[in-house]
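What follows is calculated from the coordinates using simple rules that are stated; it is not laboratory data. The structure displayed is predicted, hence computed values, not measured ones. Backbone-built Cβ (ideal geometry, glycine too); neighbour counts: all protein chains shown.
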Ligand SMILES: [Zn+2]
């Protein structure tokens, strides 16, 4: 199983076609504006002129520029835009000019600390930035056929390989990223040496003595990021958990440390396990994945509850109000899930991808496409707000590249057929057994579960069309129109292995009704509470709709919720639930005898979680008290 080239899978449903239009018309131009106004492009301009000093912003800000470029590649694949293309080409030229003759590029070190290059791998992110350069370059090369940036990336990768690797200096980055980027570079260029280097970095990590521990004694480089000592040492002893450097990967069992680092790391490792048919590594990854998704993931697919380490704590520790659940971590979970899905063909991975995609990831961007969340809590007391940018701006371009490349998680090609993981609307073109096949999915997902998939072939060809049965769909039905062929079921997919002729339509019905779900009681924060879901969407109650703080509301789950059309969301289904609400301050006392507060029968409207906080900050809640 492998992703289709993005040019060969075009999103057509209302949800994704709107988001991809917003991406190109609003998100990318506004991000370019932020790169200009925050000095991120000026850093490259100055480095290109071989100036010294004057770096603006955080030391890893180059990475935002690269992720923006990667998102441009995907966006332009969906919609041509001369404005976006012009801005992208201008940025590529700045990056190319900034690269040094030996392939090194990192404007912070070039402008401020040329003597400290590669001195502090644990927290100064040179390889992290370079990894995003490589990803952007591969994306632009593969989606747009332009290789100027690819040549920059190859020179950088060769430079890294001249310093680090077997028989050279032992080293890898504190913030994983370059590993998966090197694997992508190998696939794009056919050069095995890059994935070999990425694999070596994956396997070296966590073996004592840690390369990071010695760096903690290097005062000049440590002075640039003193927090490293605090994050990597506990009670005076080195602990690499924060950066997944606590043990070799094959010994990892639970998910620990910084969430985004972990996701990028295990994404690369899953790719490695797949390409090398490395079963022990695949089994270790499955165990970590299970720990994450069965004990440490929010109902929204958000991960990493703690702000302290931007990451993981312990099983079932999932506080709602203080949930960190970084947008990038949900994006990373989708990346890792995709590699495991491609490795195994097990729908459970697609279930998690879908959960994170439509909830905890897409909540990271406003409906307007130019305001963002860094953290994605499941409750707000009115002080959580979307902003146009961040000093540490990893999330905005990350959600942009996810929107542009969503076709990669929706479906996959394979030697023996085609996989539909998420029944969104799309047009796909591919070759199966040498025959050009067109597959069109007409869908209004995630609002409706009625989907029609039409397969068109010019000559008869046998292949297997697999369609995932979502975990939430209790009574899914599949009907091949005018054909008595019955589906076979395998790995959570309905499989139609037959000789396809002419044009054939598959009707899919995934009945969507509002449902209340409860959490494992070990999630103490959700005890006595229920969350409203419909199909793949998790719902949230906002004060803007309810007219009162949803924390006051107690849901009567015996009364069936009603569906409505919500105009703000262009027809997305909203849901009205019934219950009672308490009245704020009705006793006039801080503490009164139990039962003194007045309560009223009340109704409250819920909207999809991803769409909350598009009308300004206000009270919001996902996990509701209930009778
Ligand atoms: Zn982020």
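Okay, here's what the table says:
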item: Extended-chain gain in nm, criterion 0.36 nm per residue less alpha-carbon gap, residue 85 and residue 37; result: 15.4 nm
item: Inter-label distance for residue 565 and residue 513, nm, one decimal - labels placed 7 Å from Cα along Cα-to-Cβ; result: 2.3 nm
item: Segments 1-14, 577-590 sorted - mean Cβ within 10 Å per residue, highest first; result: 1-14, 577-590
item: Order of 49, 67 under a 10 Å beta carbon neighbour criterion, fewest first; result: 49, 67
item: DSSP-defined beta bridges in region 411-509 - what % are antiparallel, rounded to 5; result: 90 percent
item: Mean Cβ count within 10 Å, highest first, over the residues of peptides 526-533, 310-317, 150-157, 419-426; result: 419-426, 150-157, 526-533, 310-317
item: Rel. contact order, % - alpha carbon contacts under 8 angstrom, at least six apart, region 404-503; result: 24 percent
item: Separation in nanometres of the label points that stand 7 Å from Cα toward Cβ, at residue 344 and residue 253; result: 1.8 nm
item: Helix-only CD estimate at 222 nm, as mean residue ellipticity for the chain, using -39500 (n - 2.57) per DSSP H run (n ≥ 4); result: -10500 deg cm²/dmol
item: Region 97-204 - Rg over Rh from alpha carbon coordinates, Kirkwood radius; result: 0.94
item: DSSP bridge orientation in the chain - percent antiparallel, rounded to nearest 5; result: 90 percent
item: Cβ-Cβ FRET estimate between residue 501 and residue 2, R0 fixed at 35 Å, reported to 0.05; result: 0.85
item: Length-normalised contact order for the chain - Cα pairs under 8 Å, 6+ apart - percent; result: 12 percent
item: Under the Debye formula (equal points on every Cα, no solvent term), log10 I(q)/I(0) of region 299-447 at q = 0.18 Å⁻¹; result: -1.07
item: Ordering of 497-509, 600-612, 133-145 by burial proxy (mean other Cβ atoms within 10 Å per residue, highest first); result: 133-145, 600-612, 497-509
